[in-house]
1. Across the range 31-62, what is the number of residues that are part of a strand (DSSP E or B), among the basic types (Lys, Arg) and farther than 24 Å from Phe11 by Cα?
2. Under the condition of being touching a residue at least 40 places away in the same chain (Cβ under 8 Å) and closer than 13 Å to Val86 by Cα, which residue from the range 31-63 is surrounded by the most Cβ atoms within 10 Å (Cβ to Cβ)?
3. If we scan the range 75-85, do we find a residue that is assigned to a strand (DSSP E or B) and modelled with pLDDT of 95 or more?
Amino acid sequence: MELDDHGQLRFPCRYAVKAFTHAREQALGQVIEAVSGSGVQPDRESVSVRPSRNGRFQSITIEVQADSRPELEAVYARLRALDIVVMTL
């Protein structure tokens, strides 16, 4: 991820999208589908899943190649629409 002189993202760039979800078996598939459905291709080799300490939640991180801010906004909008997602970063 590169920033310009004003602290803004410089596109195109690789960007790590993070979603905190309820720990469910289908969560990873739903997150990948939401990212793919926004028109941005997820880097499946970069996917990481980290469970919370108590195991009720998990953090899913996926790197994407983003060409513009509207593309990233579309990814986050689709993720927030999922019932399984608690928070995005």
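The values are calculated or read from the model by the stated rules, or taken from the named source; none is laboratory data. Given the structure is predicted, the values throughout are model-derived calculations rather than measurements. Please note: Cβ atoms are built from the backbone with ideal geometry, for glycine as well, and neighbour counts cover all protein chains shown.
1. Narrowing the range 31-62 to residues part of a strand (DSSP E or B): 42-51, 57-62.
This time we only want the ones that are among the basic types (Lys, Arg), so: 44, 50.
Now drop any that are not farther than 24 Å from Phe11 by Cα, which leaves 50.
Matching residues across the range 31-62 total 1.
2. If we filter the range 31-63 for residues that are touching a residue at least 40 places away in the same chain (Cβ under 8 Å), which is where we start, we get 31, 34-35, 37-38, 59-63.
Then keep just the ones that are closer than 13 Å to Val86 by Cα; that gives 31, 59-60.
Details: Val31: 27, Ser59: 15, Ile60: 23.
Applying the filter and picking the extreme gives Val31.
3. Filtering the range 75-85 for residues assigned to a strand (DSSP E or B) gives 85.
Going one step further and asking which of them are modelled with pLDDT of 95 or more, we end up with 85.
Yes: one or more hits.
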